[in-house]
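Before any comments, here is the structure.
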Amino acid sequence: MGRIPWPIIAIGITAVAAGTAFAGTQYASRAAITDVEPAPNSAVRTTTPRVAFRTSDVGRLSDVRVIVDGRDRTDLLGRADDGTLVVRTHAFKEGRHVVDARVSTRNVFARNVSQRWEFDVDTTAPPLTMTTPTTKGAVNKRSVPVAGRTEAGSTVTVRWTGGSRRIEANGKGAFSTKVPLREGPATLTITATDRAGNSTRRVNQFIVDTKAPTLVMGKVPTTMTETDTPVLSGEIRGEDGNTTTVGTVVNGRTITPTTSDSGVDGTDEPTVSFDKNTFRLSVGTLPQGLNTVTVFAADPAGNRATKTFTVLVDSTEEFGSKDMIAGARGADVKALQQGLIDRGFKKVKVTGVYDPRTVQGVRRYQAVHKMSQNGIFGPRTREAFLGKIVVTLSKFRLQLFRDGKVVKTYKVAIGSPGHATPTGTYKVVNKQVDPTWFPPDSPWAAGLGPIPAGPGNPLGTRWIGTSAPAVGIHGTYADSSIGTAASHGCVRMHIPDVEELYDQVAVGMPVIFNP
């Protein structure tokens, strides 16, 4: 093969060099879309944002196409003085928008160039709610929790005298932090700013109070034999009595009394009254036995001062009329202990003191009857143990329930037409042996006087008064009326029957009159 002449080789080398130079120029000047507006994935707080971009190596606008939210907006395209391509668009709605720009060129390396970006239009200020601290409230910590909710991803700025802090709301809009504050009045300015720059501000003013009030109590008796509804007195110092809550914790149960003029409302319910910073406090009805009573005074910030007392209540010997707890003593405790033994709880001893054996016996009784096993002879246990009276008027029948079972059924007389026995749930309020009959304030009794005990007494030998107005259960010498509607509202019984029932009834026992 012959040699290639040097001139031809030189021409080839020159051609390759020229091609390489061309390719380098083409690659360096290839078209690209840059400086897009609004920035990708940004948010703007105007409905008329500038939609624009820059591109190189594009001489004619006919080589550019712009699609906004799926609609071709190329006809609205213009060029600014600095060469930026700007789309003259109408006002945007709130929410996400998409821009798709496409460029055609003669560049061998970039014949078609496109760029797609999204942005949000958001002109609405973010919501801002505070969960703590509350406006015009009080807190009992100097490191004060600040928490609330706003738009997800917003920046929350908290400012106070002497400092500030920035935090970001999480994906659900919740935010929280703690700020150090001084004792006394405080002001927090909380500002939430969303991605678009919209902001909402809240100003919270409150009191930082870490000091508990001083509670001074009057003398509290250690033993109460005359009452089970004691009224205690005391004084609040270092705090306004009008803003202080006074209450009690009785045997572990917190009680916040209602406000009254005297501290006693006559219903055995807990009440409290204030005279400036002094108070009178009724703790309600205490059970028979050894009670632990804590009096507390709480200021608006939640600081508490407490005084705790142990009070033995022994105000009655009548079994069943009152609740009983450990430490109770007397005939009523003996009756409970004997009742437990009679029901098969043989480990209980009749001592007259509500001791650990009695507590355990009550717990076992409660377990049998599917009650809370607290060892307290309280309302539910007492009702089951003592029983209840159920009168079925349509059947002229009185039934005595105990331990959830009918233990006795009696035939009775009820109210006559015009003097019907009421229906509903009541309770036994008093008991009398050989009662004197006093005429009620009713037209049918006009001109009548009291009738002493004896054969002519319409109450017979026993009276069991109920909380139903002027209605009781009593005996009658008119045996023939039993089984009929013959009385003026009371329930009549045969004399032997009512005397038997009387011994099994306690004050406080429920009495239910069914139709």
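The values are calculated or read from the model by the stated rules, or taken from the named source; none is laboratory data. No experiment lies behind these values; they were computed from the predicted model shown. Neighbour counts run over all protein chains shown; Cβ positions are idealised from the backbone, glycine included.
Overview of values
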{"item": "Long-range neighbours under 8 Å by Cβ, at least six apart or interchain, first residue touching a residue at least 12 places away in the same chain (Cβ under 8 Å) within segment 495-509, second of a type in the set (S, T, N, Q) and exposed (fewer than 15 other Cβ atoms within 10 Å of the Cβ)", "result": "507/430"}
{"item": "Subset of segment 315-369 [among the charged types (D, E, K, R) and out of contact with any strand residue (DSSP E or B) (no Cβ under 7 Å at 6 or more places or on another chain)]", "result": "317, 318, 334, 342, 343, 346, 347, 349, 355, 357, 363, 364"}
{"item": "Which numbered condition residue 150 misses (of (1) buried (at least 18 other Cβ atoms within 10 Å of the Cβ); (2) over 22 Å from residue 197 (Cα atoms))", "result": "(2)"}
{"item": "Residue match in segment 146-160 (condition: touching a residue at least 40 places away in the same chain (Cβ under 8 Å), under 30 Å from residue 35 (Cβ atoms) and hydrophobic (A, V, I, L, M, F, W, C))", "result": "no"}
{"item": "Residues that are small (Gly, Ala, Ser) and in a strand (DSSP E or B), drawn from segment 111-169", "result": "114, 138, 143, 147, 148, 163, 164"}
{"item": "Test: residue in segment 407-419 that is touching an Asp or Glu at 6+ places or on another chain (Cβ under 6 Å) and at pLDDT 95 or above", "result": "yes"}
{"item": "Of all residues making up segment 172-186, the number that are surrounded by 13 or more Cβ atoms within 10 Å (Cβ to Cβ), in a loop (DSSP other than H, G, I, E, B) and out of contact with any Ser or Thr (no Cβ under 7 Å at 6 or more places or on another chain)", "result": "1"}
{"item": "Per-region count, segment 475-500, residues assigned to a helix (DSSP H, G or I) and more than 13 Å from residue 397 (Cβ to Cβ)", "result": "8"}
{"item": "Any pair with Cβ under 6 angstrom, 6 or more apart, that starts in segment 268-282 at a residue that is in a loop (DSSP other than H, G, I, E, B) and ends at one that is among the small types (Gly, Ala, Ser) and surrounded by 20 or more Cβ atoms within 10 Å (Cβ to Cβ)", "result": "270/282"}
{"item": "Scan of segment 154-204 for residues that are of a type in the set (S, T, N, Q) and touching a Gly at 6+ places or on another chain (Cβ under 9 Å), ordered by number", "result": "154, 170, 176, 204"}
{"item": "Which numbered condition residue 326 misses (of (1) touching a residue at least 60 places away in the same chain (Cβ under 8 Å); (2) part of a loop (DSSP other than H, G, I, E, B))", "result": "(1)"}
{"item": "Candidate set: segment 403-425, residues that are touching a residue at least 24 places away in the same chain (Cβ under 8 Å) and of a type in the set (D, E, K, R); chosen: the one farthest from residue 508 (Cα to Cα)", "result": "411"}
{"item": "Filtered residue count, segment 55-84, keeping only those that are under 60 Å from the mean Cα position of the chain (by Cα) and not β-branched (Val, Ile, Thr)", "result": "6"}
{"item": "Number of the condition not met by residue 333 [criteria: (1) modelled with pLDDT under 95; (2) within 29 Å of residue 466 (Cβ to Cβ); (3) β-branched (Val, Ile, Thr)]", "result": "(1)"}
{"item": "Those residues of segment 330-385 which are of a type in the set (Ser, Thr, Tyr) and in contact (Cβ under 8 Å) with a residue 60 or more places away in the chain, in sequence order", "result": "354"}
{"item": "Cβ-Cβ under 7 Å pairs, at least 6 apart or on other chains, segment 164-185 side at positive phi, far side surrounded by 14 or more Cβ atoms within 10 Å (Cβ to Cβ) and part of a loop (DSSP other than H, G, I, E, B)", "result": "173/151; 173/152"}
{"item": "Residue in segment 419-432 that is among the charged types (D, E, K, R) and closer than 23 Å to residue 317 by Cα present", "result": "yes"}
{"item": "Tally of residues being in contact with an Asp or Glu (Cβ under 7 Å, 6 or more places away or on another chain) and either under 29 Å from residue 138 (Cα atoms) or among the aliphatic types (A, V, I, L, M) (or both) across segment 225-242", "result": "1"}
{"item": "Inter-residue pairs, beta-carbon under 8 Å, first outside any loop (DSSP other than H, G, I, E, B) and in segment 426-449, second loosely packed, with under 10 Cβ neighbours inside 10 Å and at pLDDT 75 or above, 6+ apart", "result": "437/450"}
{"item": "Unique match (being modelled with pLDDT of 95 or more and among the small types (Gly, Ala, Ser)) among 39, 31, 91", "result": "39"}
{"item": "Criterion: aromatic (Phe, Trp, Tyr), farther than 13 Å from residue 491 by Cβ and more than 36 Å from the chain's Cα centre (by Cα) - qualifying residue of 401, 377, 385, 396", "result": "401"}
{"item": "Residues satisfying the stated conditions in segment 386-411, i.e. basic (Lys, Arg), under 13 Å from residue 482 (Cβ atoms) and surrounded by 16 or more Cβ atoms within 10 Å (Cβ to Cβ)", "result": "397"}
{"item": "Scope segment 225-243; condition modelled with pLDDT of 90 or more, touching a Pro at 6+ places or on another chain (Cβ under 8 Å) and surrounded by 20 or more Cβ atoms within 10 Å (Cβ to Cβ); matching residues", "result": "228, 230, 236"}
{"item": "Residue under evaluation residue 323, criteria (1) over 30 Å from residue 489 (Cα atoms); (2) crowded, with 17+ Cβ neighbours inside 10 Å; (3) modelled with pLDDT of 95 or more; (4) touching a Gly at 6+ places or on another chain (Cβ under 8 Å), criterion not met", "result": "(3)"}
{"item": "The listed residue being assigned to a loop (DSSP other than H, G, I, E, B) and within 30 Å of residue 194 (Cβ to Cβ), out of 91, 43", "result": "91"}
